[in-house]
Every structure is written in structure tokens, then in C-alpha cells.
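Structure, as C-alpha cells:
Any read-out appearing in this document is the output of simple, stated calculations on the displayed coordinates, not a laboratory observation. Model, not experiment: these values are computed from the prediction. Reconstructed Cβ throughout: ideal geometry from the backbone, glycine too, with neighbour counts over all protein chains shown.
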Amino acid sequence: MAALAFVELEEGQAKKSSLEAVSYASEVEGSVTAISFGQMADGELDKIGAAGASKVLHVTDEKLATPNIMAYASAISEAMNKEGSNLLVLAKSSLGDPVAARVAIKTNAAMATNVTELPDTSDGFKVKCSIYTGKAFAITRLSSEKKILGLKKNAISIKEDGGTAEVEAFSPATDDGDFKVQVTNREKATGEILLPEADLVVSGGRGLKGPENWGMIEELAKAIGAATGCSKPVSDMEWRPHHEHVGQTGVKVSPSLYIAVGISGAIQHLAGVNSSKCILVINKDEEAPFFKAADYGVVGDAFEIVPKLTEAIKAQQG
Amino acid sequence: MKILVCITHVPDTTSKISFTDGNTKFDKTGVQYIIGPYDDYALARAVELKEQHGGSITVLNVGEAETEPTIRKALAIGADEAIRVNAFPSDAFFVAKQIASVAKEGAYDLILMGRESIDFNGGQVHSMVGELMGLPSVSPVMVLDIEGSTAKIQREIEGGKEFMELDMPFIAGCQEPIAEWKIPNMRGIMSARSKPLQVVDPTDDGVQADVEVFELPPAKEAVKLVDPENLDELVNLLKNEAKVL
């Protein structure tokens with residue numbers, strides 16, 4: 001009996017958060033089968049194996065090459081039955097969340113999401129879930145035999161010494177009823193580091209005065225390999241696209257380092273970043289509430305500090 | 001067009017989160033409750049769709065009697081009638097079962113709700129309701145337009161958006177900028193008092209994910225301020241102390 005891990009492929013590459021799911025499943029159950037849909041780039045199988053899976057069920061059916069929530073849920077349920085899996089682990093995402101909830105109903109599994117740590121199995125099966133938008137945790141007991149866990153980013157580090165995985169072609173049954181939603185187009189920023197996946201994030205707020213000043217944010221992000229984010233007023237004023245909005249009603253991030261530039265730190269913004277491991281705040285107002293939530297702070301003019309910081313980082317990188 | 005809008009009754013986004021009874025219960029002292037912010041977007045879009053296409057809006061909440069002021073607010077914003085399933089919303093599975101049970105009776109063209117509640121942030125209920133009813137569910141929806149029996153939708157995905165078309169009925173989990181929040185006016189508040197609010201008993205479905213105890217994150221240490229003239233020191237701290245660069 002192997003645990004199943006859903007590995008999302010992004011332009012053929014396994015998402016980092018999905019590899020975390022593989023490693024998590026491997027820590028819990030030992031034996032892990034991964035399931036992936038569509039074209040897989042060379043070398044990805046090795047990564048999935050190293051993360052802890054011994055087998056990858058690879059679905060190459062053309063009808064399932066692009067994400068389809070209902071059809072993926074059917075296929076994953078079928079895979080759980082086929083593998084005899086009592087545990088499905090996946091990363092929280094716009095695809096993983098709805099697929100997981102549907103699989104939970106199909107397989108009568110108990111589901112927990114925003115899971116932040118390995119389970120406590122000393123007395124049943126309990127997981128720690130982030131709730132109240134990162135302001136608290138719920139220790140949640142899952143009582144059904146089958147369990148589904150949606151992981152918050154950084155719940156576990158990716159293993160690199162798992163082993164090797166073999167590919168098995170998997171052709172799940174498809175049902176016309178699963179193809180009621182027609183995706184007509186997909187617009188996606190290319191070549192950028194995706195915000196929810198990013199290990200480092202640089203965010204800008206109203207203190208930057210206008211979209212024309214984002215160059216220095218992008219420069220800093222580029223120097224450290226970070227994704228860019230923004231506060232709600234910035235996306236409301238359309239200085240930046242909505243998918244960069246970090247906060248209570250936007251993207252919730254949990255990177256290793258979150259750098260906030262010219263963001264005062266309204267409670268709704270903090271709700272989106274409070275799971276970050278380390279927070280650096282740059283703001284000219286020393287009374288900005290964000291400093292209370294920060295690990296490091298620099299009080300001063302962002303227009304002077306950010307370019308200097310980028311230079312200092314580049315200098316130390318040699 | 002018949003629209004069902006499911007709302008949560010949740011602590012205001014600025015609430016201090018704390019627990020009582022040995023960290024097993026949420027401490028409601030001094031907490032103001034609101035319609036879930038995402039549900040509020042769903043409701044606002046429902047009101048706009050009703051203005052454009054006619055029809056009716058039913059608002060549904062799974063909750064105990066204390067949620068009725070929140071339900072009345074939804075009626076004041078523009079829902080025509082309300083249903084409260086008289087039960088504590090224990091987990092996503094239980095809530096989805098209740099919603100599906102009510103929705104099956106009503107022949108709704110559209111079932112709208114927020115992308116997630118802001119207390120448990122699960123974001124599972126819309127998909128579960130979809131699966132229980134054999135209907136598509138889409139979330140998080142940023143644009144929702146109806147033409148005839150077809151909906152045109154924009155859904156947010158990581159780093160962009162997806163454009164989709166589907167026929168009603170279906171379920172949508174909503175978020176900004178689908179509509180502007182609506183503030184009830186005096187006439188709405190007056191008329192909400194006399195709009196029907198039906199209380200129904202829950203189905204006897206069990207709970208699969210049971211919270212045993214709550215925890216608060218450890219207190220944050222005071223911020224370490226670095227002189228803006230000494231950014232090399234900052235880089236050093238990020239690299240060697242925090243080990244994040």
C-alpha cells in the first residue's frame with residue numbers, strides 16, 4: 001500500500017510544492033506513488049524519485065493534457081483505488097485544492113488543508129492546520145480510514161536522497177460529464193517566479209508612489225531570485241496585476257524571506273505574510289505597524305535603500 | 001434566474017484571535033461578526049446579476065441562532081429570502097452536505113459562495129458541493145457574466161488567469177474583483193426585517209475532520225533595526241543569522 005502524491009507539472013517541470021508533497025507522503029507512509037498529467041520534461045522523473053516516490057503514474061491521454069478539475073479528480077480517485085492508497089498528499093494550489101475536495105467526496109476520505117507539519121500518529125492521526133489566515137493553528141483529528149492532506153508551502157523540505165522512480169503509463173477512464181467546463185484561454189506570466197511557489201518574495205506598497213517606480217523592486221527580486229508581490233491598494237489601483245496581491249483577500253505566501261517595501265502593514269496584509277520564516281521591512285515611517293511583525297527593519301527612504309541593498313547583495317554574491 | 005448564495009458568519013478581519021476552555025473554543029469576547037468577505041463578493045455579484053437578468057436570491061447559512069443578524073444583513077443587501085440550517089458548521093464535509101441537501105430542493109441556476117471562509121480558510125466547500133450534486137464548480141472566480149444559459153468566467157490561477165465557459169447550473173467560489181461590496185441602505189435594512197428566514201434541521205451526516213485543540217503562533221521577538229547606512233550588515237544578518245539568502 002503506497003501513499004499517493006499528486007505532482008503538478010508546470011511546462012513539464014514538477015512544481016517545487018508538489019515535490020514537498022512527495023517527500024511528506026514518503027515521511028508518513030514510506031512507499032509513495034506519484035501521479036502526473038501531461039508532458040514531463042527530461043530529468044523530472046529523477047527529481048520525483050529523489051523526493052521519495054518509487055513510481056510515477058503518468059497520464060498522457062491528450063484529453064487530460066491541460067488541467068481539468070473534474071477529470072483529474074476522477075483519475076486520482078481511480079489511482080487511489082488501484083494503488084490501494086489510504087493517503088493522498090498534494091500541495092495547495094488553484095488546481096490541487098478543488099481536485100482534493102472532489103476526491104474527498106468520491107473516496108469518502110477525511111480532508112485537512114493548510115497542513116504545516118508532519119502528522120502526529122501517536123494516538124490516531126492528527127495534523128496541524130493553519131487557520132484564521134495564519135493567526136492560529138488547529139490540531140485536527142482525521143477519523144476516516146482514507147485521508148487527504150493539502151500542504152501549505154514549506155511544511156517540509158524536499159528530500160534529495162529518496163531513490164529512483166519508475167514510470168507506469170496510466171490510462172484512467174474518462175467520463176463526458178467531467179468535460180462540462182470549457183477552458184477557452186489561459187493567460188499566464190511567463191518567465192517569472194510564481195508568487196505562491198516562491199521561496200523569496202519582494203513586495204511593494206503605496207509608499208512606492210506609482211507603477212513607474214517598480215523597477216527597483218524587480219531589480220532586487222532579480223538579484224536574489226525572488227518573486228514580486230504587492231499590497232492591496234497597489235493592485236486595486238492597477239499598478240500591479242491582481243495575482244501579485246498579497247494579503248487576507250489575495251495570495252497567502254509562506255516564503256523563507258519576505259521583503260516589504262513601502263507597505264505600512266495593515267492587519268489584512270499581515271494575514272497574507274505571517275507564515276513567512278523571516279520578514280524584512282523597509283519603511284520611512286518608524287511607527288509603521290509592519291515593524292512589529294518584522295524580524296529585521298530599516299527605517300528610511302526606500303528609493304535610496306532598495307538600490308543600495310541590491311548593490312550590497314550583488315557585491316557579496318561576488 | 002434563481003441564485004443561491006451561501007454565506008459564512010465569521011469574526012471581522014481585524015479581530016484578535018484567542019481561545020478559551022483550554023484552547024478548545026474560540027473566544028468570542030469583544031469580537032464583531034461579519035458576512036465572510038469573500039461571501040460578501042458573491043452576494044454583491046448575485047445582486048447585480050438579479051438586476052440584469054431578473055430572478056431571486058436565496059441566502060443560506062449553516063449556523064446556530066447567533067448567525068441570524070449576519071443573515072439579516074445579507075437580506076438587507078438584497079437577498080429575497082433566507083434559509084438557516086440549524087447546526088454548528090463543524091467541518092467542510094458536514095457543511096457541504098447541508099448545502100447540497102438544501103440546494104437539491106431548490107432547482108437553483110447558480111450557487112455562489114466565497115472562495116473560502118476566513119476562519120478555517122479551507123476553500124473546500126464549493127468543490128464538495130459540486131461533487132455531491134454532480135455539477136461543475138469553479139473557484140476562485142474574478143469575473144462572472146451570464147449570457148442566456150451560459151456563463152463566461154475568469155478564474156485566478158498562479159501567475160495569471162483562466163478563461164472558461166460553462167452552462168448553468170454550477171457552483172462558483174468568488175473573490176474580488178467580481179463585484180464591489182454593497183452596503184445596505186435604510187430601505188434594505190427595514191425590508192430585511194420582514195423577509196422570510198426559514199430554519200431547517202441538519203441532515204445527520206457526521207464530521208470527518210475534528211479540531212481537538214487550537215494553538216497560537218509563538219510571540220514574535222522585537223524587530224532588529226539596521227542603520228540604512230550599513231546595509232552590508234543587513235545582508236550579513238540575512239545570510240548568516242537568519243540563513244535566508
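The table that follows gives values for the structure above.
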item	result
Expected 222 nm ellipticity per residue - DSSP helices of 4 or more, -39500 (n - 2.57), all of chain A, to 500	-8500 deg cm²/dmol
The stretch A:212-225 - phi-based ³J(HN,Hα) in whole Hz, Karplus 6.51/-1.76/1.60, Gly and Pro as x	5, 9, 6, x, 6, 5, 5, 4, 5, 4, 5, 4, 10, x
Under-5 Å amide H pairs with B:Met142, H placed in peptide plane, nonlocal only	B:Gln154, B:Arg155, B:Glu156
Cα centroid of the stretch B:166-226 to Cα centroid of the stretch B:14-47, whole Å	7
Estimated translational D of chain B in µm²/s (Stokes, Kirkwood radius over Cα pairs; 25 °C; 0.890 mPa s)	124
Ranked B:Ser56, B:Ser101, criterion: other C-beta atoms within 10 Å, fewest first	B:Ser56, B:Ser101
Residue of B:Ser194, B:Ser139, B:Ser117 that the Gaussian network model of chain B assigns the largest fluctuation, springs spanning Cα pairs under 10 Å	B:Ser194
Whole-angstrom gap from the stretch A:81-135 to the stretch A:250-313, using each part's C-alpha centre	31
Spatial extent of the stretch B:54-166: Rg and Dmax, with the Cα atoms as the point set, Å	14.7, 41
5 angstrom amide H check on B:Gln124, placed H, neighbours 5+ away	none
Normalised convex hull volume, the stretch A:3-179, alpha-carbon set, Å³ per residue	106
Overall form of the stretch B:112-163 per C-alpha gyration tensor (a/c, 1.5; a/b vs b/c)	oblate
Spin-label model distance (nm) - A:Glu168 vs B:Ala65, 7 Å beyond Cα toward Cβ	5.6
Residue exposure sequence - A:Ser264, A:Ser36, B:Ser191 - by fewest surrounding Cβ within 10 Å	B:Ser191, A:Ser264, A:Ser36
Cα pair distances exceeding 13 angstrom across the stretch A:77-134, given as percent	67
Lysines whose Cα lies under 18 Å from that of B:Lys152, excluding same-chain neighbours fewer than 8 positions away	A:Lys180, B:Lys2, B:Lys50, B:Lys161
Fluctuation leader among B:Ala74, B:Ala82, B:Ala219 - chain B, Gaussian network, Cα springs under 10 angstrom	B:Ala219
In sequence order, calculated HN-Hα J values of the stretch B:201-218 (Karplus, 6.51, -1.76, 1.60; Hz; x Gly/Pro)	7, x, 6, 9, 6, x, 10, 10, 10, 10, 6, 8, 7, 9, 9, 9, x, x
Rh (Kirkwood; distinct C-alpha pairs) - the protein assembly as shown, Å	24.3
Inter-chain shielding of B:128-140 (mean C-beta neighbours from other protein chains, 10 Å cut-off)	5
Amide H partners (placed H, <5 Å) of B:Lys224, local residues excluded	A:Tyr296, A:Gly297
Scattering curve values for the stretch A:169-235, log₁₀ I(q)/I(0), Debye with Cα scatterers, q = 0.17, 0.23, 0.25, 0.27 Å⁻¹	-0.72, -1.03, -1.14, -1.22
Simple spin-label estimate for A:Glu287 and B:Gln52 in nanometres, 7 Å along Cα-Cβ	4.5
Violating pairs (Cα-Cα greater than 21 angstrom) within the set A:Lys308/B:Lys220; A:Lys126/B:Lys16; A:Lys222/A:Lys308; A:Lys16/A:Lys47; A:Lys284/B:Lys243; A:Lys63/B:Lys97	A:Lys308/B:Lys220; A:Lys126/B:Lys16; A:Lys284/B:Lys243; A:Lys63/B:Lys97
Modelled FRET efficiency - R0 41 Å, A:Asp236 with B:Glu105, Cβ distances, 0.05 increments	0.55
Fraction of alpha-carbon pairs over 25 Å apart in chain A - percent	53
Under the Karplus curve 6.51 cos²θ - 1.76 cosθ + 1.60, θ = phi - 60°, whole-Hz ³J(HN,Hα) for the stretch A:165-171, x wherever Gly or Pro sits	10, 9, 8, 10, 5, 10, 10
Helix-derived mean residue ellipticity, 222 nm - over chain B, DSSP H n ≥ 4, -39500 (n - 2.57), to 500	-8000 deg cm²/dmol
Magnitude of the charge dipole, the stretch B:66-197, Cβ model with Lys/Arg +1 and Asp/Glu -1, debye to 20	540
Globularity ratio of the stretch A:121-213, using Cα Rg and 2.2 N^0.38 Å	1.69
Computed E for B:Asn185/A:Asn185 - FRET, C-beta separation, R0 51 angstrom, nearest 0.05	0.85
Residue among B:Glu131, B:Glu229, B:Glu221 with the largest mean-square fluctuation in a Gaussian network model of chain B, springs linking Cα atoms under 10 Å	B:Glu229
DSSP bridge pairs, the stretch B:2-217: antiparallel proportion in percent, nearest 5	40
Kirkwood-based Rg to Rh ratio, the stretch A:195-317, C-alpha trace	0.92
The stretch B:1-78 pair-distance distribution - Cα-Cα, 5 Å bins, rounded %	3, 15, 23, 21, 15, 10, 6, 4, 2, 1, 0
Debye-sum result for the stretch A:259-318 in log10 I(q)/I(0), which assumes one identical scatterer on each alpha carbon, at q = 0.14, 0.18, 0.21 Å⁻¹	-0.40, -0.62, -0.80
Dipole of the stretch B:2-217, positive end: most advanced residue of B:Gly63, B:Val213, B:Gly188 [Cβ charges, Cα centre]	B:Gly188
